[in-house]
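What follows is one structure encoded as structure tokens, with my remarks underneath.
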Ligand SMILES: [Zn+2]
């Protein structure tokens, strides 16, 4: 792509597939166009034209527009449509004009990550390859608790420095909205530290980070044998963290090796008392009725759900709860039990796809790669996977102002070096994003 009439060159957008500058036109036509533009748009901040748009602004299909144009002003999309239908000459319509081939999609929304942590668990990866299971490792005091030790031992600055490269990697592959959970601190100060770092990462990278309080992730050693006592303590920390503006939602790990449905309900009641939405790690390793439990609280999402029953799927449908599919953990753990995809489709439950970026079961640094895994393992179509990582990912975070390319929504979009939407799920790795924009500002 070549920048025409741009105030500043944007090197990341300079590619070999550039087309020519917009040809000069007659002065009178320019004057007319300028007047029209002044009336219609008061000059947009930016206008990108020539690419194929996958707007997803349609009930089915990609909402594809060939030779499209996309404009933004003050961080919001101001034009989405065919280049031929622009209300005047492109040169006069915007302060910056980008001529490009390739594909433009909404910015990707990664609605389930544990991207803030210290250390890593590569040694457990080796143990698993020697035969240990996830549950073996957890019961032996490894797993989540080894990351808890590393997080507790890290200063806030160290935790930021350890986590920033992961967020940078997700951003480089198209993520403009990122959910990050706490859950490796498991006491007030360390849960707070994690949530503060998550907020700082959003500011640092200029993307929207949504924070989720996941103190009910694992039982810390100081509460060994007293899960109810721990839940009481974690419920007590929540109002203070919420008062500091650190909590957007509340989550729990409802599982035999996590917390019981009754303990999960107590945490959710505390969230509801504060007006906070809930989501749940549900039915990953066994069916404890987690999806139905989350739906009973009007949950934003039920996540994993490999073991969810049809009753659980129907509860999700009735509550409008999104099914968040996490194929990274499925892949790494070499699980065989698939989420109930046919039931989700039959009951029209929206399906999101997320990276689940975490040190134990899904050290995955690309949401686009998660989309690929969702197609390979779960047989999602590339269209379902793209919608899952945009429109439905946004819905799983309770966000209605993004996830689709539509005038009036946030100017979060990605310019990819591919021509067809299916290529986003077809290529494994490789870094396909040419420009990643959040709120109309290029961030990668
Ligand atoms: Zn998770």
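Taking residue 406 as the residue in question, decide whether it is closer than 28 Å to residue 81 by Cβ and either within 16 Å of the ligand (Cβ to nearest atom) or crowded, with 24+ Cβ neighbours inside 10 Å (or both). Before you say what the answer is, go through the steps one by one.
On the way: closer than 28 Å to residue 81 by Cβ: yes; either within 16 Å of the ligand (Cβ to nearest atom) or crowded, with 24+ Cβ neighbours inside 10 Å (or both): no.
When the stated conditions are applied, residue 406 does not pass them.
Tally up the residues in segment 61-78 that are surrounded by fewer than 14 Cβ atoms within 10 Å (Cβ to Cβ) and in contact with a helix residue (DSSP H, G or I) (Cβ under 6 Å, 6 or more places away or on another chain), please.
Applying the first criterion (surrounded by fewer than 14 Cβ atoms within 10 Å (Cβ to Cβ)) to segment 61-78 yields 61, 66-67, 74.
Subset that is in contact with a helix residue (DSSP H, G or I) (Cβ under 6 Å, 6 or more places away or on another chain): 67.
So the answer is 1.
Within segment 420-444, how many residues turn out to be at pLDDT 95 or above and either in a loop (DSSP other than H, G, I, E, B) or touching a strand residue (DSSP E or B) at 6+ places or on another chain (Cβ under 7 Å) (or both)?
Residues flagged as at pLDDT 95 or above and either in a loop (DSSP other than H, G, I, E, B) or touching a strand residue (DSSP E or B) at 6+ places or on another chain (Cβ under 7 Å) (or both) within segment 420-444 amount to 17.
Are there any pairs with C-beta distances below 6 angstrom linking a residue in segment 337-352 that is touching a residue at least 60 places away in the same chain (Cβ under 8 Å) to a residue that is crowded, with 18+ Cβ neighbours inside 10 Å and assigned to a helix (DSSP H, G or I), with the two at least 6 apart or on different chains, and if so which?
Once the first residue is touching a residue at least 60 places away in the same chain (Cβ under 8 Å) and sits in segment 337-352, its partners that are crowded, with 18+ Cβ neighbours inside 10 Å and assigned to a helix (DSSP H, G or I) give 352/388; 352/392; 352/393; 352/396.
Taking the condition part of a loop (DSSP other than H, G, I, E, B), over 21 Å from the mean Cα position of the chain (by Cα), away from the ligand (no atom under 12 Å from the Cβ) and over 19 Å from residue 251 (Cα atoms), does residue 338 pass?
On the way: part of a loop (DSSP other than H, G, I, E, B): yes; over 21 Å from the mean Cα position of the chain (by Cα): yes; away from the ligand (no atom under 12 Å from the Cβ): yes; over 19 Å from residue 251 (Cα atoms): yes.
For residue 338, the condition - part of a loop (DSSP other than H, G, I, E, B), over 21 Å from the mean Cα position of the chain (by Cα), away from the ligand (no atom under 12 Å from the Cβ) and over 19 Å from residue 251 (Cα atoms) - is met.
Keeping to segment 346-367, report how many residues are away from the ligand (no atom under 16 Å from the Cβ) and more than 26 Å from residue 317 (Cα to Cα).
If we filter segment 346-367 for residues that are away from the ligand (no atom under 16 Å from the Cβ), which is where we start, we get 346-351, 366.
Keeping just the survivors that are more than 26 Å from residue 317 (Cα to Cα) gives 366.
Selection size over segment 346-367: 1.
Which of (1) over 29 Å from residue 386 (Cβ atoms); (2) under 28 Å from the mean Cα position of the chain (by Cα) is the odd one out, the single condition residue 111 does not satisfy?
(1)
Confirm whether residue 210 is closer than 12 Å to residue 246 by Cβ, at pLDDT 95 or above and more than 16 Å from the ligand (Cβ to nearest atom).
Numbers: closer than 12 Å to residue 246 by Cβ: yes; at pLDDT 95 or above: yes; more than 16 Å from the ligand (Cβ to nearest atom): no.
Against the criterion (closer than 12 Å to residue 246 by Cβ, at pLDDT 95 or above and more than 16 Å from the ligand (Cβ to nearest atom)), residue 210 does not qualify.
Keeping to segment 303-331, report how many residues are surrounded by 24 or more Cβ atoms within 10 Å (Cβ to Cβ), free of Cβ contacts under 8 Å to residues at least 40 places away in the same chain and either in a loop (DSSP other than H, G, I, E, B) or away from the ligand (no atom under 12 Å from the Cβ) (or both).
Number satisfying all stated conditions: 7.
The values are calculated or read from the model by the stated rules, or taken from the named source; none is laboratory data. These figures come from a predicted structure and were not determined experimentally. Every residue, glycine as well, gets a Cβ built from its backbone with ideal geometry; the counts of neighbours run over all protein chains shown.
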